[in-house]
Amino acid sequence: MRRPSGPALTAQEIADVLVPVSDPLTAPWHHRVGTDGSKFRIRLSADPGDLAGPAVAGPSGDGQRDYDCFIHVSIYWTTEDTDDSLGSLRAFCRSLVAELHSAWPEAESAFEVDDAYSYRILPELSEGVVDLRLGSEAPLTAPGFSLVEAANRAASGTGLVFAEDEPNRHLAPSEDAGDSVTYTVSSRAEELPFAAGARSGAAPVDARQLDGFTERLLAELARHTAGADLACWVNDRLYRYEVELTPLG
């Protein structure tokens, strides 16, 4: 997690949101219960070895730059009804990220759990054009499922209206990518080509609208896809990338 501008986020600020404790870097693990009843352990780190990760437009040529805080998460107990510990862990990590972005909408975050990963940063915008690309390793479960229709349902009340668009319009060859996130998006799309694309017309967009829209869309997609990837651009700036998304909660 990092704040792109201004003072760095401190481990104490992040702990105040996730696990209110004093001096969070001295305690080895903090405990949380997920929405499915599973129990998790969280450890915050400001170790420089933990803080390099995927980023857009970093100062170095390979796109690596320091984050403000690294959050280690492990699952140590699941309910009898939970038979997918990795899915539970992914959903829990996404819920933590949602909490942190509620506190700092402008923050940048990245996480990875067993080849499923997420990247998110809010572009500066007052009026935006939102582009979506969807890929799935398995067929969509609902016959005739439409990304455009799903996006328009999720966008109800936001002023965004989507139409079908070319699935791979945003992708650049991976060897031309100038940062590690773009490289990851393009490389992943070579393995799992995006099957559907949708593009909105220009409309006023704020951070809360964009967050709410993408959460609703992710929840709907998770009901109709298996191991789907969703990439979302705003004004040609990658805003959010979710690989092998699972329901949030």
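What does the charge count near Ala202 come to, summing +1 for each Lys or Arg and -1 for each Asp or Glu among other residues with Cβ under 13 Å from its Cβ? Net local charge, Ala202 excluded: -2. Annotation: amide H of Ser146 has no partner in the under-5 Å range at sequence separation 5 or more or interchain, hydrogens built in the peptide plane.
Each residue of region 35-46 is assigned a 3J(HN,Hα), and the resulting list reads 5, 8, x, 5, 10, 10, 10, 10, 10, 9, 9, 10 Hz, derived from the Karplus form 6.51 cos²θ - 1.76 cosθ + 1.60 (θ = phi - 60°), x at Gly and Pro. A 1.4 Å probe run over the protein chains yields, for region 147-241, 44 Å² of accessible area per residue, whole-number rounding. Taking the Cβ of Pro7 as the centre, find all other residues whose Cβ is under 10 Å away and add up their charges (Lys, Arg: +1; Asp, Glu: -1). Charge balance near Pro7 sits at -1.
Evaluate Rg over Rh across region 147-241, taking Cα atoms for both radii and Kirkwood's formula for Rh.
Taking Rh as the inverse mean 1/r over Cα pairs, Rg/Rh reads 0.95.
Amide hydrogen proximity for Thr158: with H placed 1.01 Å from N in the peptide plane, no residue at 5 or more positions away or on another chain lies under 5 Å.
The values are calculated or read from the model by the stated rules, or taken from the named source; none is laboratory data. What you are looking at is a predicted structure, and each value in this text was computed from that prediction instead of being measured. Cβ coordinates were reconstructed from backbone atoms using ideal geometry, including for glycine residues, and neighbour counts include every protein chain displayed. Please note that ligands, DNA and RNA were not included when accessible areas were found on the heavy atoms of the full protein model with its side chains. Shrake-Rupley method; radii C 1.70, N 1.55, O 1.52, S 1.80 Å.
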